[in-house]
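Here the structure is laid out as structure tokens; the discussion comes afterwards.
The values are calculated or read from the model by the stated rules, or taken from the named source; none is laboratory data. Computed from a predicted structure; not experimentally measured. In this analysis, Cβ positions are derived from the backbone assuming ideal geometry, glycine residues included, and neighbour counts consider all displayed protein chains.
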Amino acid sequence: MEILLDNVIPEDHPRTFTTNASDHKDVIKVKQAVMALEGVESIEFLDVVFPKQFKVSVSKMIEVRFVEEAVNEVGFNAIPREFLSF
């Protein structure tokens, strides 16, 4: 089970993250940071939910912490949705 929680899995299993990036220029920064990671194929922001969320699709398995660190480097947070308890 830890493999699923600690990684973004390739194929039809995009991983959803919540972020505190809110306006358009912040979203662009987050998108560029995540797309720069090796293995990331696409990132899709879900604009109809609050807090803002994005889905990451990959071509190879990458650790969630790499996505979190990339987003942190541009000044925002990325939290895997499964770890939030509302």
**Message:** Taking the condition of being buried (at least 17 other Cβ atoms within 10 Å of the Cβ) and farther than 19 Å from Glu2 by Cα, how many residues in segment 46-73 meet it?
**Reply:** 5
**Prompt:** Name the pairs whose Cβ atoms lie under 9 Å apart, with the first residue in segment 13-26 and closer than 18 Å to Ser59 by Cα, the second modelled with pLDDT under 95 and in a helix (DSSP H, G or I), and 6 or more positions between them or separate chains?
**Reply:** His13/Leu4; Arg15/Arg81; Arg15/Glu82; Thr16/Arg81; Thr16/Glu82; Phe17/Arg81
